[in-house]
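See structure below.
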Amino acid sequence: MIYECEAEEAEKWIKENRLRRVLIQAPPGLREEMLKLAERVSRLAEVFLHGGSCWGACDVAFSEAETVGADGIIHLGHARFLEREPVPTLYLECLARDPRPLRSVLNEAVEGLRGYRRVGVGFTVQWRGFADLILEELKKAGIEPYIGRPVPPLRYPGQVLGCAYTTLLGLSSRVEAFLVIGSVFHGLGLALQTPKKVYAADPETGKTRDLEGDVDRILRSRYAYIEEFKSSRRVGVIVSVKPGQYRLGSGRRLAEILRKAGKQAEILIMNEVQADYLRDIPLEGFVNTACPRLSIEDQFRLEKPLLLPREALVAVGELEWEDVLRKPDYMRMEVA
Ligand code: SF4
């Protein structure tokens with residue numbers, strides 16, 4: 001395991017806050033760490049493990065904790081996302097401790113970035129402890145690296161999330177290309193929102209990738225789904241109740257716009273947005289106001305369009321495809 005969860009911090013937090021019952025939640029990939037932590041802190045408090053999904057720090061199990069009377073949540077693998085919490089929550093970021101996999105992908109990444117001088121650099125929270133090392137390695141290769149300032153929900157300079165890239169998009173006028181350290185998933189979210197070259201480096205798999213081909217393929221298929229949505233009459237606007245994805249105002253606004261365009265638009269309240277549930281509802285297309293990545297990574301599971309809010313605005317003629325194509329607000333989920 002290249003990530004290590006800060007168990008002492010959890011023990012200290014439980015003791016200081018005199019917690020009696022805690023719910024531990026972890027994303028896939030950190031479930032083993034969750035078990036180890038549970039064993040360690042169970043002498044301090046009653047421990048429950050969250051057995052459901054945990055896709056990001058937008059997805060904290062507050063309602064489950066409230067139902068079982070937990071007085072604290074320990075959430076692994078993510079930095080704080082939300083500004084307010086109904087149940088006190090400790091975020092254990094589980095940072096990477098071994099720089100070797102990072103050094104190795106960086107060597108490959110600088111080869112791919114040859115010819116670019118000024119490069120914006122972003123990383124997932126797990127690699128933030130090695131920010132200086134990343135900058136040093138890039139400078140050694142003759143690259144001038146830039147790290148951007150965070151805007152919430154981002155918390156750290158250079159940090160990226162699959163739905164938040166202000167640290168990098170804010171550097172657009174100063175850099176020629178971008179390097180995202182984390183995974184192809186994290187790099188793709190940026191590459192869909194900028195015309196500049198994006199290189200993704202994944203220290204866990206040891207692979208690096210130029211994302212140009214992926215972006216081209218995805219955007220062609222997005223356009224085809226927009227076209228299909230245009231001819232649908234009965235559609236659903238998905239509003240998720242996950243704490244960091246809840247956008248009822250945007251959902252209502254989108255439904256209104258779609259109705260004005262002649263569609264029957266219904267608002268669907270969901271927790272897990274799964275293709276099986278959507279397939280069961282006899283609607284011809286959907287607009288997603290939950291996690292933007294559902295429209296990118298999960299679309300293939302569903303035969304019907306699952307559009308982003310801006311794609312839906314293109315479908316009804318409120319925006320042109322060129323207005324959103326590889327633009328910084330392509331994945332913006334709020335609709336004013
Ligand atoms: S909204 Fe999606 S991409 Fe953003 S943190 Fe949540 S799960 Fe990750």
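The table below gives the values:
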{"read-out": "For the chain, calculated [θ]222 nm from helices alone, where every DSSP H run of n ≥ 4 adds -39500 (n - 2.57)", "value": "-9500 deg cm²/dmol"}
{"read-out": "Burial ordering of Thr124, Thr166, fewest other beta-carbon atoms within 10 Å first", "value": "Thr166, Thr124"}
{"read-out": "Selection from Pro153, Thr208, Ile181, by position along the positive dipole direction of segment 100-210 (Cβ)", "value": "Pro153"}
{"read-out": "Taking Val110, Val22 and counting other C-beta atoms within 10 Å, the order from fewest to most", "value": "Val110, Val22"}
{"read-out": "Cα gyration tensor, segment 1-142 - rounded (a/c under 1.5), prolate or oblate", "value": "prolate"}
{"read-out": "Entries in Lys36/Lys139; Lys196/Lys230; Lys196/Lys304; Lys242/Lys304; Lys260/Lys304; Lys139/Lys242 that, when Cα-Cα distance is taken, lie over 32 Å", "value": "Lys36/Lys139; Lys139/Lys242"}
{"read-out": "Shape of the chain, Cα gyration tensor, a/c cut at 1.5", "value": "oblate"}
{"read-out": "Normalised contact order of the chain, rounded percent, pairs of Cα under 8 Å and 6 or more residues apart", "value": "13 percent"}
{"read-out": "Over segment 100-210: Kirkwood hydrodynamic radius from C-alpha pairwise inverse distances, Å", "value": "13.3 Å"}
{"read-out": "Likely footprinting exposure, Thr208, Thr89, Thr289, fewest C-beta neighbours within 10 Å first", "value": "Thr89, Thr208, Thr289"}
{"read-out": "Percentage relative contact order, segment 3-96, counting C-alpha pairs under 8 Å, at least six apart", "value": "36 percent"}
{"read-out": "Cysteines in the chain lacking a second Cys C-beta under 4.7 Å", "value": "Cys54, Cys58, Cys163, Cys291"}
{"read-out": "Relative contact order of segment 74-230, defined on C-alpha pairs under 8 angstrom at six or more residues apart (%)", "value": "21 percent"}
{"read-out": "GNM flexibility winner over the chain from Gly187, Gly122, Gly262 (Cα, springs under 10 Å)", "value": "Gly262"}
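FYI, it's all coordinate maths here, none of it is from the lab. For clarity, every value in this text was computed on a predicted model and none was experimentally measured. Ideal geometry is used to build each Cβ from the backbone, glycine not excepted, and the neighbour counts take in all protein chains shown.
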